[in-house]
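If you scroll down you'll find the structure; I have some questions about it.
None of the figures in this text is laboratory data; all of them are computed from the coordinates on show. Worth saying up front: this structure is predicted, and the values here are computed from it rather than measured. Reconstructed Cβ throughout: ideal geometry from the backbone, glycine too, with neighbour counts over all protein chains shown.
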Amino acid sequence: MREERLMKSIDHARELLHLARTEHRAMTGMRNHEVFFDAIVGFLAQQAAEKGVKVALPI
């Protein structure tokens, strides 16, 4: 039972890290374009950082 919970936590952490990397790539691609508002890039940066922190918390 404990091992099963641990595996679910690891899988969840991997998914969060994948999402964080995806958001970071999106933010990086947008930051050099004048079309995107700073708030949009900032939001993506915040989301990526938040997911990265969530990955580290259960460990």
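Within the range 4-59, which residues are β-branched (Val, Ile, Thr) and over 11 Å from the mean Cα position of the chain (by Cα)?
10, 28, 35, 40, 41, 59
Related question: Which one of these does residue 33 not meet: (1) surrounded by fewer than 12 Cβ atoms within 10 Å (Cβ to Cβ); (2) in a helix (DSSP H, G or I)?
Here residue 33 clears every test but (2).
Is at least one residue of the range 13-25 touching a Phe, Trp or Tyr at 6+ places or on another chain (Cβ under 7 Å) and either free of Cβ contacts under 8 Å to residues at least 60 places away in the same chain or exposed (fewer than 12 other Cβ atoms within 10 Å of the Cβ) (or both)?
There is no residue in the range 13-25 that is touching a Phe, Trp or Tyr at 6+ places or on another chain (Cβ under 7 Å) and either free of Cβ contacts under 8 Å to residues at least 60 places away in the same chain or exposed (fewer than 12 other Cβ atoms within 10 Å of the Cβ) (or both).
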